[in-house]
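The values are calculated or read from the model by the stated rules, or taken from the named source; none is laboratory data. Given the structure is predicted, the values throughout are model-derived calculations rather than measurements. With ideal geometry, Cβ positions are generated from the backbone for all residues, glycine too; neighbour counts draw on all protein chains shown. We work out accessible area using only protein heavy atoms, side chains counted, and drop any ligands, DNA or RNA first. Shrake-Rupley method; radii C 1.70, N 1.55, O 1.52, S 1.80 Å.
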Amino acid sequence: MTGLTKTLVGAACALPLALAGTVVYVLASELIGVEGTCEEPEAVHRLAQVSAVPTPPAPPGATVVPGGSGAECLDDSGTEVWLTAWTSYAYDGTPEQVVDHYWTAARTAGWEPPKSRPKTIPGLLLDDVCFRKEVDGHPTLLSVTQSGRHEYAVTVNAVLDGSRPTC
(Lines give C-alpha, C1' and ligand atoms only; values in the text may rest on other atoms or scores of the structure.)
Protein backbone atom coordinates (compact mmCIF):
# COMPACT_ATOMS: atom_id res chain seq x y z
CA MET A 1 0.00 0.00 0.00
CA THR A 2 1.11 3.53 -0.67
CA GLY A 3 1.25 6.21 2.02
CA LEU A 4 -1.90 7.88 0.71
CA THR A 5 -3.79 4.58 0.66
CA LYS A 6 -2.73 3.81 4.25
CA THR A 7 -3.88 7.26 5.33
CA LEU A 8 -7.27 6.84 3.66
CA VAL A 9 -7.76 3.36 5.13
CA GLY A 10 -6.77 4.65 8.58
CA ALA A 11 -9.19 7.56 8.31
CA ALA A 12 -11.97 5.26 7.15
CA CYS A 13 -11.40 3.01 10.18
CA ALA A 14 -11.12 5.91 12.63
CA LEU A 15 -14.33 7.65 11.56
CA PRO A 16 -16.72 4.94 12.81
CA LEU A 17 -14.81 4.78 16.11
CA ALA A 18 -15.05 8.54 16.55
CA LEU A 19 -18.77 8.51 15.79
CA ALA A 20 -19.33 5.59 18.18
CA GLY A 21 -17.41 7.43 20.90
CA THR A 22 -19.54 10.53 20.41
CA VAL A 23 -22.76 8.50 20.60
CA VAL A 24 -21.56 6.75 23.78
CA TYR A 25 -20.64 10.12 25.36
CA VAL A 26 -24.01 11.67 24.53
CA LEU A 27 -25.92 8.64 25.85
CA ALA A 28 -23.78 8.47 28.99
CA SER A 29 -24.33 12.18 29.58
CA GLU A 30 -28.08 11.66 29.41
CA LEU A 31 -28.02 8.58 31.66
CA ILE A 32 -25.44 9.80 34.18
CA GLY A 33 -26.78 13.32 34.18
CA VAL A 34 -24.05 15.79 33.38
CA GLU A 35 -25.28 18.85 35.19
CA GLY A 36 -24.75 22.07 33.31
CA THR A 37 -21.79 23.92 31.94
CA CYS A 38 -19.73 26.87 33.07
CA GLU A 39 -21.50 29.16 30.58
CA GLU A 40 -24.90 28.83 32.26
CA PRO A 41 -26.09 31.72 34.44
CA GLU A 42 -26.42 29.35 37.43
CA ALA A 43 -22.71 28.48 37.18
CA VAL A 44 -21.73 32.15 37.16
CA HIS A 45 -23.99 32.83 40.16
CA ARG A 46 -22.69 29.80 42.13
CA LEU A 47 -19.05 30.65 41.31
CA ALA A 48 -19.62 34.11 42.78
CA GLN A 49 -21.09 32.47 45.90
CA VAL A 50 -18.14 30.07 46.21
CA SER A 51 -15.70 32.95 45.75
CA ALA A 52 -17.38 34.84 48.60
CA VAL A 53 -17.18 31.97 51.11
CA PRO A 54 -15.13 33.24 54.04
CA THR A 55 -12.07 31.12 54.72
CA PRO A 56 -10.15 30.93 57.97
CA PRO A 57 -7.24 33.38 58.03
CA ALA A 58 -3.78 32.24 57.05
CA PRO A 59 -1.30 31.59 59.86
CA PRO A 60 0.24 34.72 61.41
CA GLY A 61 3.24 35.81 59.33
CA ALA A 62 1.91 34.36 56.07
CA THR A 63 1.84 36.63 53.01
CA VAL A 64 -0.44 36.35 49.99
CA VAL A 65 1.45 35.36 46.84
CA PRO A 66 1.12 38.13 44.21
CA GLY A 67 -1.42 36.94 41.62
CA GLY A 68 -2.11 33.90 43.79
CA SER A 69 -5.87 34.28 44.09
CA GLY A 70 -8.59 33.37 41.66
CA ALA A 71 -11.73 31.45 40.84
CA GLU A 72 -12.73 29.15 38.04
CA CYS A 73 -15.41 26.83 36.81
CA LEU A 74 -14.29 23.47 35.40
CA ASP A 75 -16.76 21.57 33.26
CA ASP A 76 -14.32 19.30 31.45
CA SER A 77 -13.65 16.93 34.34
CA GLY A 78 -16.35 14.34 33.68
CA THR A 79 -19.91 14.44 34.92
CA GLU A 80 -19.43 17.14 37.56
CA VAL A 81 -19.03 20.88 37.08
CA TRP A 82 -16.53 22.06 39.72
CA LEU A 83 -16.52 25.58 41.14
CA THR A 84 -13.24 26.58 42.76
CA ALA A 85 -11.87 29.70 44.46
CA TRP A 86 -8.36 29.84 45.91
CA THR A 87 -5.75 31.98 47.59
CA SER A 88 -2.05 31.09 47.75
CA TYR A 89 0.31 32.35 50.38
CA ALA A 90 3.93 32.01 51.44
CA TYR A 91 4.66 30.87 54.97
CA ASP A 92 8.02 30.09 56.55
CA GLY A 93 6.57 27.83 59.24
CA THR A 94 6.48 24.06 59.04
CA PRO A 95 3.71 22.03 57.41
CA GLU A 96 2.84 20.76 60.88
CA GLN A 97 2.26 24.37 61.99
CA VAL A 98 -0.02 24.89 58.97
CA VAL A 99 -2.03 21.78 59.86
CA ASP A 100 -2.25 22.86 63.52
CA HIS A 101 -3.38 26.34 62.51
CA TYR A 102 -6.13 25.20 60.13
CA TRP A 103 -7.20 22.33 62.37
CA THR A 104 -8.21 24.95 64.93
CA ALA A 105 -9.17 27.90 62.69
CA ALA A 106 -11.37 25.91 60.28
CA ARG A 107 -13.15 24.06 63.07
CA THR A 108 -13.78 27.37 64.86
CA ALA A 109 -15.34 28.70 61.63
CA GLY A 110 -17.72 25.71 61.45
CA TRP A 111 -15.83 23.50 58.99
CA GLU A 112 -15.95 19.77 59.78
CA PRO A 113 -12.44 18.28 59.89
CA PRO A 114 -11.42 14.96 58.38
CA LYS A 115 -11.44 11.90 60.63
CA SER A 116 -7.67 12.02 61.04
CA ARG A 117 -5.03 14.69 60.79
CA PRO A 118 -2.98 14.62 57.60
CA LYS A 119 0.55 13.33 57.87
CA THR A 120 3.60 15.54 57.54
CA ILE A 121 7.33 14.98 57.36
CA PRO A 122 9.93 17.70 57.80
CA GLY A 123 9.17 20.30 55.13
CA LEU A 124 6.33 18.41 53.45
CA LEU A 125 2.57 18.09 53.90
CA LEU A 126 1.89 14.55 52.62
CA ASP A 127 -1.91 14.89 52.26
CA ASP A 128 -4.24 17.80 51.66
CA VAL A 129 -6.20 19.00 54.67
CA CYS A 130 -9.86 18.79 53.67
CA PHE A 131 -12.79 20.19 55.66
CA ARG A 132 -16.53 20.05 54.85
CA LYS A 133 -19.41 22.44 55.45
CA GLU A 134 -22.85 23.28 54.07
CA VAL A 135 -22.67 26.76 52.54
CA ASP A 136 -25.93 28.31 51.31
CA GLY A 137 -27.43 24.81 51.42
CA HIS A 138 -24.69 23.28 49.24
CA PRO A 139 -21.99 20.80 50.31
CA THR A 140 -18.67 22.65 50.14
CA LEU A 141 -15.04 21.70 50.72
CA LEU A 142 -12.20 23.74 52.16
CA SER A 143 -8.80 22.29 51.36
CA VAL A 144 -5.30 23.33 52.30
CA THR A 145 -2.51 22.08 50.06
CA GLN A 146 1.20 22.60 49.89
CA SER A 147 2.05 23.94 46.45
CA GLY A 148 5.74 24.64 47.00
CA ARG A 149 8.42 24.38 49.68
CA HIS A 150 7.01 27.33 51.64
CA GLU A 151 3.83 27.94 49.66
CA TYR A 152 0.29 26.82 50.46
CA ALA A 153 -3.09 27.20 48.79
CA VAL A 154 -6.46 27.46 50.53
CA THR A 155 -9.23 26.36 48.18
CA VAL A 156 -13.03 26.37 48.41
CA ASN A 157 -14.69 23.78 46.14
CA ALA A 158 -18.29 22.98 45.29
CA VAL A 159 -20.12 21.07 42.57
CA LEU A 160 -22.66 22.98 40.45
CA ASP A 161 -25.47 20.42 40.83
CA GLY A 162 -25.19 20.54 44.64
CA SER A 163 -23.90 16.97 44.98
CA ARG A 164 -21.32 16.12 47.61
CA PRO A 165 -17.80 16.77 46.30
CA THR A 166 -14.95 14.53 47.40
CA CYS A 167 -11.52 15.50 48.56
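Give the residues of the stretch 110-131 that are touching a strand residue (DSSP E or B) at 6+ places or on another chain (Cβ under 8 Å) and small (Gly, Ala, Ser), sorted by residue number. Of everything in the stretch 110-131, just one residue is touching a strand residue (DSSP E or B) at 6+ places or on another chain (Cβ under 8 Å) and small (Gly, Ala, Ser), namely Gly110.
Consider the stretch 70-98 and keep the residues that are assigned to a loop (DSSP other than H, G, I, E, B) and within 27 Å of Leu47 (Cα to Cα). The one that is least open to solvent (accessible area, probe 1.4 Å) is Val81.
Checking Cys73 against (1) free of Cβ contacts under 8 Å to residues at least 24 places away in the same chain; (2) closer than 27 Å to Leu160 by Cβ, only one condition comes out false. Which one? All conditions pass for Cys73, except number (1).
Within the stretch 23-53, the set of residues being surrounded by 16 or more Cβ atoms within 10 Å (Cβ to Cβ), among the β-branched types (Val, Ile, Thr) and either at pLDDT below 90 or touching a helix residue (DSSP H, G or I) at 6+ places or on another chain (Cβ under 7 Å) (or both) comprises Val34 only.
Yes/no matrix, rows are residues, columns are (1) among the hydrophobic types (A, V, I, L, M, F, W, C); (2) open to solvent by less than 80 Å² (accessible area, probe 1.4 Å):
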{"position": "Asp100", "(1), (2)": "no, yes"}
{"position": "Asp128", "(1), (2)": "no, no"}
{"position": "Phe131", "(1), (2)": "yes, yes"}
{"position": "Asp161", "(1), (2)": "no, yes"}
{"position": "Pro165", "(1), (2)": "no, yes"}
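Of the candidates Pro114, Pro56, the single residue that is assigned to a loop (DSSP other than H, G, I, E, B), within 30 Å of Pro41 (Cα to Cα) and open to solvent by less than 70 Å² (accessible area, probe 1.4 Å) is Pro56. When each of Thr120, Thr87, Thr104, Thr108 is tested for being among the polar types (S, T, N, Q) and within 21 Å of the chain's Cα centre (by Cα), the lone residue that passes is Thr87.
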